[in-house]
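See below for the structure under consideration.
The values are calculated or read from the model by the stated rules, or taken from the named source; none is laboratory data. Worth saying up front: this structure is predicted, and the values here are computed from it rather than measured. Neighbour counts are summed over all protein chains in view; Cβ atoms, including those assigned to glycine, are modelled from backbone coordinates with ideal geometry. SASA here: full protein model, heavy atoms, side chains in, ligands and nucleic acids out. Shrake-Rupley method; radii C 1.70, N 1.55, O 1.52, S 1.80 Å.
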Amino acid sequence: MTYTPPRTLAAFFVYLVIRYLNQTDVPKIRGLPEIPGIPLFGNLIQLGTCHHVAAQKLADKYGPVFQARLGSKRVVYVNSFEAVKSIWITQQSALISCLTLHIFYKVINNDGKSFSSSESFPVGASPWDESCTQRKKAIASAITFNLILILDTTSSEPRVHSYMPFVDLEVMESLKELHDSSIGDLDIKPYIQPMALNMSPTTCYGYRISRGVNDALLREITDVEKKLTMFRGTSSNWQDFIPLLHLGSKKNIEANACKLRRQKYIGFLHDILKEKVAVDTDKPCVAGSSIGMPMVSGGLDTLPGNIIMAIGYLSSDHGAEIQKRAYEEIIKVYADGDAWKKCLEGEKVAYITALTKETLRFWSTIPISLPRVNIALIQYQGAMIPPGTAFLHPPHYAYGAGSRMCAGVQLANRELYVFLVRIIVAFEVVPAQNARDRPVLDALKCNADPSSLTMMPKPFKVGSWIIESEMRTNHLV
Ligand code: HEM
């Protein structure tokens, strides 16, 4: 007898298992090329640790917009300017939410509250709802308001509301530390990171952490926030896409430890702010505008990443030409030799504004973008993409695009502008003597950990500042 029912049953069972393992949250989208994947993992293995590079190679074969599967999640990869414009900008009211990844949402940001409201998540990671809308508006207006010098005469003691004195202080301290240490070739990272880090608690909580490259609280925040961005990378956290991996995951334990450490310092910063508000000595800050939220990480990795790579580039041969031209342009605009001070008042040197923009564009500090999710149907060249689908775009959109674009743009631009003007007027960045210490200046290869959400520059050194800088930096000593 040739008929063997058990085998047929086994085959049917295998078929059901494969079908189950191939299931996705959103069904296959008609009209968009799909990258062939394997059960359970989908395209995770194929996309590797460097998603944006793999996605660009796949775009060469499948076209600028294609669908892939990250485990059980269907994701649309968008790889051309025209397509990003059509989806992120033209249809921005539909592409307004974000992906709730298991580790980041269910472990790190789970404060025991109901998930019906996003208020316990940082704004950039919040699904779209009323709380998220209000908090984003508040951040944007707090930043816009505090970038202008406004004399507040309503209180008994007139106060100036502005973030610019903080920018002044942090950039000055950073350059002063660099100046004091500038003997021989130097790893600049430890001097740049505290600057951005201190801007965050200052702008969020009105509290400045006492500085110094060895400060314990600064180191704790840097360490925890760095680990947190690693938990948000799409290529290194497979348990976000394969529910089976939630079981007994070591990452859950690590994420929980980070969550507790973060709760400690955020609680500390909130308590200080509450005390200051109580005695009316609070400084202008976002949380002080009554938005309780964990927003410490705005610009934490992105700003230093940009500044570090900009300095790295200035140390190259082309960087020397840029420094020369930039210095001439600065001197033309600030002819009285007061560039150090006047650069706080606005962006007057077009060349530096251009350098700021190019720095942001070239060194993509969030290379593969934050995964966005549509809340309404999105159409692309005849394909109907249903709500709940995740979208990723390629590098070089420094602040993202559309409705969830960075809320800190204006502040970040000003910080970069001030930093570049000051480093160019005060110093000359030269290459490290040893060629092996020089930076990797390829925008994609410069990243030490491509699996992390944000770019982490590979270590490098730049050379000592030239003798003339002594004269220009006398006031820092
Ligand atoms: C060079 C510095 C910075 C860069 C490159 C940068 C980049 C980004 C990017 C790419 C996003 C995601 C946008 C998207 O998904 O489309 C974002 C979101 C965000 N950023 Fe920034 N950022 C920087 C500095 C800052 C600063 C200084 C702050 C706050 C003071 C800030 C606050 C935010 C907030 C609140 C969001 C979430 C916006 C939303 O989800 O609606 N950023 N940023």
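Values computed for the structure shown
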{"quantity": "From the C-alpha gyration tensor of region 319-477, square roots of 5λ in Å", "calculated": "38, 21, 12"}
{"quantity": "Rounded FRET efficiency, nearest 0.05, which uses the C-beta distance separating L9 from Q410 and R0 of 60 Å", "calculated": "0.40"}
{"quantity": "At R0 = 41 Å, FRET efficiency that the Cβ-Cβ distance of H246 and K341 yields, to 0.05", "calculated": "0.15"}
{"quantity": "Spacing of the two label points (7 Å from each Cα toward its C-beta) at K61 and L21, in nm", "calculated": "2.1 nm"}
{"quantity": "Diffusion coefficient, µm² s⁻¹, Stokes-Einstein with Kirkwood Rh over alpha-carbon pairs of region 1-59 at 10 °C and 1.306 mPa s", "calculated": "112 µm²/s"}
{"quantity": "Charge context of Q23, other residues only, Cβ under 13 angstrom, K/R +1, D/E -1", "calculated": "+4"}
{"quantity": "Summed side-chain charge close to A257 - residues other than A257 whose Cβ falls under 13 Å, Lys, Arg +1, Asp, Glu -1", "calculated": "+4"}
{"quantity": "Counted charge near Q91, where neighbours are those whose Cβ lies closer than 14 Å (Asp, Glu -1; Lys, Arg +1)", "calculated": "+2"}
{"quantity": "Restraint check, K137/K226; K189/K227; K73/K264; K136/K176, Cα-Cα greater than 24 Å", "calculated": "K137/K226; K73/K264; K136/K176"}
{"quantity": "Segments 234-245, 262-273 sorted - mean Cβ within 10 Å per residue, highest first", "calculated": "234-245, 262-273"}
{"quantity": "Solvent exposure, largest accessible area first (probe 1.4 Å, DNA, RNA and ligands not counted), of D180, D336, D185", "calculated": "D336, D180, D185"}
{"quantity": "Quarter of the Cα convex hull surface for region 1-101, i.e. its orientation-mean projected area (nm²)", "calculated": "9.0 nm²"}
